[in-house]
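We did not get these values from a lab; they are worked out from the coordinates using the rules stated. Keep in mind that this is a model prediction, so the values were computed, not measured. Heads up, the Cβs are rebuilt from the backbone with ideal geometry, glycines too, and the neighbour counts pull from every protein chain shown.
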Number of protein chains: 2
Amino acid sequence: MANQLSQLDQVFSALADPTRRAIVMRLCAGEASVGELADPFDMALPSFIKHIRVLETSGLVLSEKSGRVRTCRLSPDALLGAEDWFQRQRAIWEARLDRFEAYVMKLKKEKERAAAKRPSRATKKKGS
Amino acid sequence: MANQLSQLDQVFSALADPTRRAIVMRLCAGEASVGELADPFDMALPSFIKHIRVLETSGLVLSEKSGRVRTCRLSPDALLGAEDWFQRQRAIWEARLDRFEAYVMKLKKEKERAAAKRPSRATKKKGS
DNA sequence: CAATTGGTTAGCCATGTAGCTAACTATAGA
DNA sequence: TCTATAGTTAGCTACATGGCTAACCAATTG
C-alpha cells in the first residue's frame, strides 16, 4: 500500500534539492508564509508548493493555515535526526581509525622489541 | 552540458537511498570489494553496481581495481561536508532561539519594572 | 456585492532513477 | 589451455520527480 519510506529516506531526499535546502535555511531564521518563501524563486507557485509538501511529508517543516495564509515553520527534530545519522557514522569511522592506529603502534612496538632481542638482523647496517 | 549538480545535492541524493546508506555504513567499518558489499543484498549485480557508481560520483566512495577485484573505501570528506551543513543550520536555528529567549526575557523584565512602578494595575486582584 | 489576494487542485509533459536480463571482458585457478 | 570468478556494458521497463498552465476556492478589501 503506502510506500513505507523511512524518515531518513525522506529527509535526505528532501534535502537533495537546492530549492528545498534554501527553504529550510530560510526557515531556520524564522517562520514565514508560503508567499514569502516563494518570492525569491523564479518558479510557478504550484511547483513551489510541491516542494513545501515534500518538506512537510518528510517531517522537516510544519505549517498551519489561518485565514487565507499558510505559515510554515521548521520542525527541528527531523533535522536533528539526520544530523545524528552522520554523527553515528563518524563515530564508527573514527573508532576504526583508532583501532588501526593502535594496530600500527602494536606492530611498531613488536618490531622494536624484536630488534632489541637480537640486534643483528634488522638493525644491521648492510653486508652479508 | 554536464548537469552541474552541487556536491551537496549529490551527497544527499545518494544518501536518500537505504541501500546506499547501508553501503556507506558498511564502508565506515573498513574497505571491501564490490562482491562483499553486494552479498547481503537481494539484487542483481548490475543494479547494485549502479548504486556504487552513484556513491562514487557523489564523492562519498573511492575505489580502485586490482586484478579482477575492485576495492571500495569511504572518502570521509563528502560525509563531513554534509554533516557540516547540518551544523551550520543548527547554529542559525539556535541563534534565533537565543534571540527569542532574550526577547521574552526583556518583555518579562519590562513588565516587572512597570509593575514595580505602579503596583495597582497588573497586580490588582480583580474588580473595576 | 465585486475585485483582489493567497493558496490549492488537476492534469500534462519531459526527464531521471531503480530495477531487470543478456551478453561481454578480463583475471585467476585447475 | 579451459573454466570459473568478478565485474562491466548495453538496453529495456516501470515509476518517481520537477516543472508548467488552467481553473478553482476562500478570505480580505474597496
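Distance between the modelled labels on B:D98 and A:D77, one decimal in nanometres: 2.6 nm (7 Å Cα→Cβ projection). Extension gain, B:K106 to B:Q7, is 31.4 nm, computed as 0.36 nm per intervening residue step minus the present C-alpha separation. Projecting 7 Å from Cα along the Cα-to-Cβ direction, the label point of A:K106 sits 6.0 nm from its equivalents in the other copies, listed shortest first. Checking every one of the trypsin sites (Lys or Arg not before Pro) in region B:34-97 against DSSP loop status and a limit of 11 other Cβ atoms within 10 Å picks out B:R68.
Among the chymotrypsin sites (Phe, Trp or Tyr not before Pro) within region B:11-73, those in coil by DSSP and having at most 14 neighbouring Cβ atoms inside 10 Å are B:F41. Taking 4 °C and 1.567 mPa s as conditions, region B:7-78 diffuses translationally at an estimated 107 µm²/s according to Stokes-Einstein applied to its Kirkwood radius (Cα pairs). Taking A:V104, A:V54, A:V34 as the candidate residues, the one with maximal mean-square fluctuation in a Gaussian network model of chain A, Cα springs under 10 Å, is A:V104. For B:K65, a cut-off of 16 angstrom between C-alpha atoms picks up these aspartates and glutamates, skipping any fewer than 8 places away in its own chain: B:E31, B:E36, B:E56.
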